[in-house]
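I have placed the structure first, in the form of structure tokens, so that the comments after it can refer back to it.
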Amino acid sequence: AQSVAQPEDQVNVAEGNPLTVKCTYSVSGNPYLFWYVQYPNRGLQFLLKYITGDNLVKGSYGFEAEFNKSQTSFHLKKPSALVSDSALYFCAVRVLNSGAGSYQLTFGKGTKLSVIP
Amino acid sequence: NAGVTQTPKFRILKIGQSMTLQCTQDMNHNYMYWYRQDPGMGLKLIYYSVGAGITDKGEVPNGYNVSRSTTEDFPLRLELAAPSQTSVYFCASTPRTSGEYNEQFFGPGTRLTVL
């Protein structure tokens, strides 16, 4: 089955420290991977995506993600966390709806990031 | 551009009532989606559309219906509301330009409670 997993429900990090939010995937073929962020009472906002090329992808708000094919992972990282980074983060992978012949995004359950002042 | 807009923002329904959640995008995107978000469960795809007049079921379509008569609008209909449909509903859209790997743009959501 094609899926994505976020093994941590919550991540706590002190302001100024580096942060990592983990994501692993299981798909057939080349993976197309995404990270989204959701602030309270808001819709999801796109952060970055991996399609092909460099394994280190840079995105919005200073975030980056590292694609690791051998470990089937796509962890989100930031060198120095800000209190304003506190939010819910979702990893997503493109999957093929073989019956319909179209692609969809399958989302992980989300990881709540809390940055402590 | 306003992006993806959804109305209403909040709604309380009684069991058995029906309602339509509205979604409009002004980006001329071909693809539109409806998701529901439940705590700790991530987003589940309800229905999606690849263009006007074309819709298809997602992972959790039971109890819902959709239509897509224009590129801009993609309303979600709830018939005979049930407590299990209490959730936050998000509409999203994406352009069909360079393939199936464009990011989706999300609306602000509709918080629905069924009592």
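The values are calculated or read from the model by the stated rules, or taken from the named source; none is laboratory data. Owing to the predicted nature of the structure, the values given are computational and were not obtained by experimental measurement. Positions of Cβ are generated from backbone atoms using ideal geometry, with glycine treated the same way; all protein chains shown enter the neighbour counts. Accessible surface is based on the protein model in full, side chains and every heavy atom, while ligands, DNA and RNA are left aside. Shrake-Rupley method; radii C 1.70, N 1.55, O 1.52, S 1.80 Å.
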Practice problem: Quick one: which residue in A:A65, A:A92, A:A5, A:A81 is touching a residue at least 24 places away in the same chain (Cβ under 8 Å) and open to solvent by 30 Å² or more (accessible area, probe 1.4 Å)? | Solution: A:A5
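In this structure, is A:V95 in contact with a strand residue (DSSP E or B) (Cβ under 6 Å, 6 or more places away or on another chain) and at pLDDT below 95?
Yes; evaluated as a whole, the condition is true for this residue.
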Quiz prompt | Qualifying residue in the range B:49-60 (condition: more than 22 Å from B:L115 (Cα to Cα), touching a Gly at 6+ places or on another chain (Cβ under 6 Å), in a strand (DSSP E or B) and within 11 Å of chain A (Cβ to nearest Cβ)) | solution = no
Quiz item: Can you tell me which of A:V11, A:V37 is closer than 25 Å to A:Y103 by Cβ, in a strand (DSSP E or B), at pLDDT 95 or above and among the β-branched types (V, I, T)?
Solution: A:V37
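Residue-wise test of (1) at the interface with another protein chain (Cβ under 10 Å from one of its Cβ atoms); (2) aliphatic (A, V, I, L, M).
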site	(1), (2)
A:L33	yes, yes
A:T52	yes, no
A:V57	no, yes
A:F63	no, no
A:F67	no, no
A:S70	no, no
A:V93	no, yes
A:K109	yes, no
Quiz item: What single numbered condition from (1) among the hydrophobic types (A, V, I, L, M, F, W, C); (2) in contact with a helix residue (DSSP H, G or I) (Cβ under 8 Å, 6 or more places away or on another chain); (3) more than 14 Å from every other protein chain (Cβ to nearest Cβ) fails to hold for A:L47?
Solution: (3)
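A:V37 - would you say it is β-branched (V, I, T) and more than 25 Å from B:C23 (Cα to Cα)? If you could, list the steps in order and put the result at the bottom.
Working: β-branched (V, I, T): yes; more than 25 Å from B:C23 (Cα to Cα): no.
For A:V37, the condition - β-branched (V, I, T) and more than 25 Å from B:C23 (Cα to Cα) - is not met.
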Practice problem: Kindly indicate the residue of the range A:22-50 that is within 16 Å of A:T72 (Cβ to Cβ) and hydrophobic (A, V, I, L, M, F, W, C) and also most open to solvent (accessible area, probe 1.4 Å) among those meeting that condition. | Solution: A:V27
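Residues B:Q6, B:Q85, B:Q25: which one is in contact with a strand residue (DSSP E or B) (Cβ under 7 Å, 6 or more places away or on another chain), facing chain A (nearest Cβ under 10 Å) and among the polar types (S, T, N, Q)?
B:Q6
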Quiz prompt | Subset of the range B:1-42 that is among the basic types (K, R) and outside any strand (DSSP E or B) - its residue that is surrounded by the most Cβ atoms within 10 Å (Cβ to Cβ) | solution = B:K9
